[in-house]
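Novice: My questions all concern the structure below.
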Amino acid sequence: MSVEAKIDGHIDICVVRYEMINARLKRLEHIVLATAGFIIILLLGLVLKS
């Protein structure tokens, strides 16, 4: 197996890994934003009630 073939194989594996990482980070970002929005709305509701 040549060095070039090994590098190409490594690049292919890395592309798949980075796509998976990117998908997880995007999902985590949505969860964090939704949670932050919920907390802000909850706090605003508490402030406006009093």
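Novice: Percent of Cα-Cα pairs more than 13 Å apart in the chain, please. It would help to have the intermediate numbers written out before the result.
Specialist: On the way: 861 of 1225 pairs.
Considering the chain, 70 percent of its Cα-Cα pairs are separated by more than 13 Å.
Novice: Treating only the Cβ of Lys, Arg, Asp and Glu as charged (+1, +1, -1, -1), what charge dipole size does the chain show about its Cα centre? Round to the nearest 20 debye. Provide the component values of the computation, followed by the final result.
Specialist: Numbers: 6 positive and 5 negative charges, 81 e Å.
The calculation lands at about 400 debye.
Novice: Could you please rank Ser50, Ser2, placing first whichever residue has the fewest other Cβ atoms within 10 Å of its Cβ?
Specialist: Numbers: Ser50 4, Ser2 7.
With the sparsest Cβ surroundings first, the list reads Ser50, Ser2.
Novice: Separate question: Kindly provide the helix-only [θ] at 222 nm of the chain, computed as the sum of -39,500 (n - 2.57) over DSSP H runs of four or more divided by all residues, to the nearest 500 deg cm²/dmol? Please list the in-between numbers first.
Specialist: On the way: 1 runs with 47 residues, N = 50.
Value at 222 nm, helices only, nearest 500: -35000 deg cm²/dmol.
We did not get these values from a lab; they are worked out from the coordinates using the rules stated. Keep in mind that what you see is a predicted model, and the values were worked out from it rather than measured. Counting neighbours? That spans all protein chains shown, and the Cβs are built from the backbone with ideal geometry, glycine included.
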